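Q: My questions all concern the structure below.
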Amino acid sequence: MKPIINHPWALSQEEALNLQQELADKVVPTNQLGEIKLVAGVDVAYQKDSNRLVAAVVTLNAKTLEIVETATAEDIERFPYIPGLFSFREIPPLIKAFAKLQHTPDLVVCDGQGLAHPRRFGLACHLGVIFDVPTIGCGKTRLLGEHQEPDTTRGASAPLIENDKVIGNVVRTQTNIKPIYVSIGHRISLETACEWILKLTNKYRLPETTRHADHLVKIQLKNSQSPSSP
């Protein structure tokens, strides 16, 4: 699986902001989905005291939620730590990991934001646009926007609003458990994105895609070579 849009990653902050605004116009906020058989989760971790990143992709059977395939990759930081521009740090190693997959996922769930982003172009949007794959942003915390607290029962939700616009939903995935923040990434509606997040959270607060990708990236990070190793 390779991106259909390729652009430089070693950019200045101004260049990254301009590119972000340019690519944001390509986000499709409606359903352009085929049959969803495989759902992937992605995660990126930072190696302590070094400039290395570790990325993981875990693909699950959409019906059984069993793991079908995994892939990991390492890379070096190509972009500084700037809030709102994390995708420029985290997508390069993800591209390497996706290239190792034997099966192309029909939907990707990102541990981060999509449209619920200051420039409406979080990691989920960026990844979705360059690969032209349906993506969902699913964050553990709120980046911006205001909302009412949803009801305490599983499946309850409330709109996440900024400047009088709905930029996502706050979704209660388990009864009496802290909600999560769901937003459109690419080629999916907010309603459908929330439906899929509930399908993927049959036991826990976070989607199985996120849980497995997080677990894999921690293992890979622990086992990866030290920065001084060849």
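Q: Quick check: anything in region 128-142 out of contact with any Asp or Glu (no Cβ under 9 Å at 6 or more places or on another chain), basic (Lys, Arg) and at pLDDT below 95?
A: So far as region 128-142 goes, yes, one or more of its residues are out of contact with any Asp or Glu (no Cβ under 9 Å at 6 or more places or on another chain), basic (Lys, Arg) and at pLDDT below 95.
Q: Another one. Just wondering, is there one or more residues in region 206-225 that are modelled with pLDDT under 95, part of a loop (DSSP other than H, G, I, E, B) and of a type outside the set (A, V, I, L, M, F, W, C)?
A: Yes, some residue in region 206-225 is modelled with pLDDT under 95, part of a loop (DSSP other than H, G, I, E, B) and of a type outside the set (A, V, I, L, M, F, W, C).
Q: Restrict the check to region 174-181 and report whether at least one residue is closer than 26 Å to Tyr46 by Cα and touching a residue at least 60 places away in the same chain (Cβ under 8 Å).
A: Taking every residue of region 174-181 in turn, at least one turns out to be closer than 26 Å to Tyr46 by Cα and touching a residue at least 60 places away in the same chain (Cβ under 8 Å).
Q: Here is a check on your reading of the model: is Ile82 among the β-branched types (Val, Ile, Thr) and within 23 Å of Gln21 (Cβ to Cβ)?
A: yes
Q: Can you name the residue in region 21-45 that is within 17 Å of Leu123 (Cβ to Cβ) and among the small types (Gly, Ala, Ser) and, of all such residues, is surrounded by the fewest Cβ atoms within 10 Å (Cβ to Cβ)? Steps first, answer last, please.
A: Let us first name the residues in region 21-45 that are within 17 Å of Leu123 (Cβ to Cβ), namely 21-24, 26-29, 39-45.
Narrowing the set further to residues that are among the small types (Gly, Ala, Ser) leaves 24, 40-41, 45.
Working: Ala24: 17, Ala40: 29, Gly41: 28, Ala45: 21.
Once the filter is applied, the top-ranked residue is Ala24.
Q: Continuing with the same structure: Of all residues in region 144-177, how many are under 17 Å from the mean Cα position of the chain (by Cα), under 28 Å from Leu38 (Cα atoms) and hydrophobic (A, V, I, L, M, F, W, C)? Quick ask: steps written out before the conclusion?
A: Start the filter on region 144-177 by keeping residues that are under 17 Å from the mean Cα position of the chain (by Cα), which leaves 144, 167-171.
Those still in the list that are under 28 Å from Leu38 (Cα atoms) too: 167-171.
In the following step, the residues that additionally are hydrophobic (A, V, I, L, M, F, W, C) were identified as 167, 170-171.
Total satisfying the criteria: 3.
Q: Write out, first by first residue and then by second, each pair whose Cβ atoms fall under 6 Å of each other, whose residues are 6+ apart or on separate chains, and whose first residue, in region 185-213, is closer than 20 Å to Val57 by Cα while the second is surrounded by 22 or more Cβ atoms within 10 Å (Cβ to Cβ) and polar (S, T, N, Q).
A: So the pair list comes out as Gly185/Thr135; His186/Thr135; Leu200/Thr209; Thr201/Thr173; Arg205/Thr173; Pro207/Thr201.
Q: Ok, one more. Just to be sure I understand, how many residues within region 81-106 are part of a loop (DSSP other than H, G, I, E, B), closer than 18 Å to Thr70 by Cα, in contact (Cβ under 8 Å) with a residue 60 or more places away in the chain and not acidic (Asp, Glu)? Show your work before the answer.
A: The initial filter retains those residues of region 81-106 that are part of a loop (DSSP other than H, G, I, E, B), namely 81-86, 100-106.
Right, trim to closer than 18 Å to Thr70 by Cα and you get 100-106.
Pick out the ones that are also in contact (Cβ under 8 Å) with a residue 60 or more places away in the chain and you get 101, 103-106.
Among the residues that remain, those that are also not acidic (Asp, Glu) are: 101, 103-105.
Summing the residues that are part of a loop (DSSP other than H, G, I, E, B), closer than 18 Å to Thr70 by Cα, in contact (Cβ under 8 Å) with a residue 60 or more places away in the chain and not acidic (Asp, Glu) in region 81-106 gives 4.
Q: Could you tell me whether region 186-193 includes any residue that is exposed (fewer than 15 other Cβ atoms within 10 Å of the Cβ), assigned to a helix (DSSP H, G or I) and out of contact with any helix residue (DSSP H, G or I) (no Cβ under 6 Å at 6 or more places or on another chain)?
A: Within region 186-193, the first condition is being exposed (fewer than 15 other Cβ atoms within 10 Å of the Cβ), and the residues that meet it are 191.
When the remaining residues are screened for being assigned to a helix (DSSP H, G or I), the result is 191.
Subsequent filtering for residues that are out of contact with any helix residue (DSSP H, G or I) (no Cβ under 6 Å at 6 or more places or on another chain) retains 191.
Scanning region 186-193 turns up at least one residue that is exposed (fewer than 15 other Cβ atoms within 10 Å of the Cβ), assigned to a helix (DSSP H, G or I) and out of contact with any helix residue (DSSP H, G or I) (no Cβ under 6 Å at 6 or more places or on another chain).
Q: Being in a strand (DSSP E or B) and closer than 22 Å to Gly41 by Cβ is the filter here, so list the residues in region 117-165 that pass it.
A: As a first pass, look at region 117-165 and keep what is in a strand (DSSP E or B): 135-139, 146, 157-162, 165.
Listed by number, the residues that qualify are Thr135, Ile136, Gly137, Cys138, Gly139, Ser157, Leu160.
Q: Now for a different question. Would you be able to say whether some residue in region 22-38 is modelled with pLDDT of 95 or more, assigned to a helix (DSSP H, G or I) and more than 16 Å from the chain's Cα centre (by Cα)?
A: Yes, region 22-38 contains a residue that is modelled with pLDDT of 95 or more, assigned to a helix (DSSP H, G or I) and more than 16 Å from the chain's Cα centre (by Cα).
Q: Being part of a strand (DSSP E or B), of a type in the set (A, V, I, L, M) and surrounded by fewer than 22 Cβ atoms within 10 Å (Cβ to Cβ) is the filter here, so list the residues in region 46-70 that pass it. Let's see the steps before the verdict.
A: In the first step, residues of region 46-70 are kept if they are part of a strand (DSSP E or B); the result is 46, 52-61, 67-70.
Remaining after also requiring of a type in the set (A, V, I, L, M): 53-58, 60, 67-68.
Across region 46-70, the qualifying residues are Ile67, Val68.
Q: Residue check: is Ile67 in contact with a Leu (Cβ under 7 Å, 6 or more places away or on another chain) and not acidic (Asp, Glu)? Spell out the reasoning first.
A: On the way: in contact with a Leu (Cβ under 7 Å, 6 or more places away or on another chain): yes; not acidic (Asp, Glu): yes.
Yes.
The values are calculated or read from the model by the stated rules, or taken from the named source; none is laboratory data. Bear in mind that the values here come from a model prediction, so they are computed numbers and not experimental data. Every residue, glycine as well, gets a Cβ built from its backbone with ideal geometry; the counts of neighbours run over all protein chains shown.
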